[in-house]
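Take a look at the structure below.
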Amino acid sequence: MIDSNGQQVRDGLQVDDHAKTGETYNIGGNNEQTNIAVVHAICDVLESLVPNKSQGVKTYRDLITYVDDRPGHDKRYAIDSAKIEQELGWKPQESFEFGLRKTVEWYLANPS
C-alpha cells in the first residue's frame, strides 16, 4: 500500500555500501526517490524476473493500492553524507537500479 499519493521522498542505499567501521557517519545513496517511484521500479524489476503473474493480474503496478496518509507523516528524509565523502572519499558503489534488482532477487530466492 502507498500512503497518500506516494510522493514522499526517500534516499535509498544498498546494504553492501553501508558496512563501515570506526567513526559515526551519515551514509546516504545520493539518490532520493519518491516512494511511488521506488514501488514502480520494484514492479518493473518483477516484470522482468517473474513475468508469469497470478490470473487476472496484467501488470504488477495493477496491484498497487493507496491508503490515507497518517497524521504527522514526514514528507522527506534526507541524508547529508558530505562528511564521509570528504574524510574518507566514500561514495556509493551500487546504482539504485542494480541494488534494487539485487534486493528483489534476494527476496525471491529467500521467500521465508
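Quick notes
- Protein-only accessible surface at a 1.4 angstrom probe places the residues HIS40, HIS73 in the order HIS40, HIS73, largest first.
- Each Cα pair under 8 Å and six or more residues apart adds its sequence gap; the mean of these over the residue count of region 40-112 is a relative contact order of 42 percent.
- Taking the C-alpha atoms only, the angle from helix 96-109 to the longest principal axis of the chain is near 60 degrees.
- Taken about its Cα centre, the chain carries a charge dipole of roughly 280 debye when the Cβ of each Lys and Arg holds +1 and the Cβ of each Asp and Glu holds -1.
- Listed residues ALA109, PRO92, GLN33: farthest to the positive end of the dipole of the chain (Cβ charges): ALA109
- Along each principal axis, taking the top coordinate minus the bottom one, the Cα set of the chain gives 53, 36, 23 Å in descending order.
- In this structure region 1-111 gives 69 Å² per residue of accessible area when probed at 1.4 Å with all protein chains present.
- By accessible area, using a 1.4 Å probe on protein heavy atoms only, the chain has 50% of its surface on carbon and sulfur.
- Reference-scaled alpha-carbon Rg (2.2 N^0.38 Å with N residues) for region 31-94: 1.63
- GNM top mover of SER81, SER95, SER48 - the chain, alpha-carbon springs below 10 Å: SER48
- Listed by chain and number, the aspartates and glutamates whose alpha-carbon sits under 13 Å from that of LYS91, ignoring those within fewer than 8 places in the same chain, are ASP16, ASP17, ASP80.
- Amide proton proximity set for ILE2, modelled H, under 5 Å, gap of 5+: THR65, TYR66, VAL67
The values are calculated or read from the model by the stated rules, or taken from the named source; none is laboratory data. What you see is a predicted model; the values in this text were computed from it and never measured. No Cβ is skipped: glycine too gets one built from the backbone with ideal geometry, and neighbour counts run over all protein chains shown. SASA here: full protein model, heavy atoms, side chains in, ligands and nucleic acids out. Shrake-Rupley method; radii C 1.70, N 1.55, O 1.52, S 1.80 Å.
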